[in-house]
1. Yes or no: S42 touching a residue at least 24 places away in the same chain (Cβ under 8 Å) and part of a helix (DSSP H, G or I)?
2. Out of (1) at pLDDT 95 or above; (2) among the polar types (S, T, N, Q); (3) within 21 Å of R162 (Cβ to Cβ), what's the single condition that is false for S117?
3. Answer with yes or no whether S77 is at pLDDT below 95, touching a Lys or Arg at 6+ places or on another chain (Cβ under 6 Å), under 22 Å from K4 (Cβ atoms) and in a loop (DSSP other than H, G, I, E, B).
4. Condition check: in contact with a helix residue (DSSP H, G or I) (Cβ under 6 Å, 6 or more places away or on another chain), farther than 24 Å from A32 by Cα and modelled with pLDDT of 95 or more. Does G93 satisfy that?
5. Looking at G11, is it among the small types (G, A, S), within 23 Å of V124 (Cβ to Cβ) and buried (at least 19 other Cβ atoms within 10 Å of the Cβ)?
6. For region 89-113, which positions are surrounded by 11 or more Cβ atoms within 10 Å (Cβ to Cβ) and of a type in the set (S, T, N, Q)?
7. Examine region 22-31 for a residue that is buried (at least 20 other Cβ atoms within 10 Å of the Cβ), part of a helix (DSSP H, G or I) and touching a residue at least 24 places away in the same chain (Cβ under 8 Å), and state whether such a residue exists.
8. Counting only residues that are touching a residue at least 60 places away in the same chain (Cβ under 8 Å) and in contact with a strand residue (DSSP E or B) (Cβ under 6 Å, 6 or more places away or on another chain), how many does region 56-80 have?
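The values are calculated or read from the model by the stated rules, or taken from the named source; none is laboratory data. Note that the coordinates shown come from a computational prediction; the quantities given were computed from them, not determined experimentally. Positions of Cβ are backbone-derived with ideal geometry, glycine not excepted, and every protein chain shown enters the neighbour counts.
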Amino acid sequence: PVAKCFSNFFGNIDTIPTVLNDLLQLNFYNLANDSWRLVINSTVGIVGFFDVAQHIGLKPNVEDLGLTFARWGWSNSTYLVIPFLGPTTFRDGLAWPINYQYLTIYPRIYPINFRYSLYGFGLVVKRADLLRFQSVFEQAAVDKYVFMRDAYLQRRHYLIERNKAPHHDS
């Protein structure tokens with residue numbers, strides 16, 4: 001339960017760049033959904049520790065600058081693995097620091113020690129969320145690199161294709 005609260009909290013923080021990317025993509029359906037999720041979870045959900053918005057039918061959505069670049073026409077990109085960050089594409093890897101600097105709240109958090117502590121704790125929480133998939137990865141992967149690459153690229157392809165619809169459910 002406590003781990004879920006922290007996962008919800010960081011998911012709520014990550015809704016800010018999602019909302020901004022909805023706007024950059026001119027996806028007003030998701031913009032409304034994600035904006036309301038942010039407002040409701042930040043207030044009624046006690047700064048996001050509780051995902052109240054999902055219980056009233058506002059489904060979580062994830063958008064990032066890599067998906068925005070794809071929406072703008074940069075669909076295919078070279079796959080690569082960045083040490084400590086994991087699988088990505090050239091497009092998504094290029095988008096990550098821009099997304100962090102201009103679309104997240106982290107660069108605006110002071111003192112700097114608190115900023116990096118919060119961001120680092122968020123990475124630990126996200127990694128902990130992925131541990132539930134570890135056994136599937138270990139059992140299903142004949143070649144772990146190929147399995148991870150294909151899973152990552154399939155997921156990104158799905159998200160890019162999903163964004164081509166007038167509006168979509170996550």
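1. Working: touching a residue at least 24 places away in the same chain (Cβ under 8 Å): yes; part of a helix (DSSP H, G or I): yes.
Here the answer is yes, as S42 does meet what is asked.
2. (3)
3. Values: at pLDDT below 95: yes; touching a Lys or Arg at 6+ places or on another chain (Cβ under 6 Å): yes; under 22 Å from K4 (Cβ atoms): no; in a loop (DSSP other than H, G, I, E, B): yes.
So S77 does not fit the description; no.
4. Working: in contact with a helix residue (DSSP H, G or I) (Cβ under 6 Å, 6 or more places away or on another chain): no; farther than 24 Å from A32 by Cα: yes; modelled with pLDDT of 95 or more: yes.
Against the criterion (in contact with a helix residue (DSSP H, G or I) (Cβ under 6 Å, 6 or more places away or on another chain), farther than 24 Å from A32 by Cα and modelled with pLDDT of 95 or more), G93 does not qualify.
5. Numbers: among the small types (G, A, S): yes; within 23 Å of V124 (Cβ to Cβ): yes; buried (at least 19 other Cβ atoms within 10 Å of the Cβ): yes.
Considered against the rule, which asks whether it is among the small types (G, A, S), within 23 Å of V124 (Cβ to Cβ) and buried (at least 19 other Cβ atoms within 10 Å of the Cβ), G11 comes out as yes.
6. Going through region 89-113, the residues surrounded by 11 or more Cβ atoms within 10 Å (Cβ to Cβ) turn out to be 89-96, 98-100, 102-107, 109.
Hits for region 89-113 are T89, N99, T104.
7. Step one: filter region 22-31 for residues buried (at least 20 other Cβ atoms within 10 Å of the Cβ), giving 22, 27, 30-31.
With part of a helix (DSSP H, G or I) added as a condition, the list becomes 22, 30-31.
Now drop any that are not touching a residue at least 24 places away in the same chain (Cβ under 8 Å), which leaves 22, 30.
Yes, that holds for at least one residue.
8. Residues that pass the stated criteria total 1.
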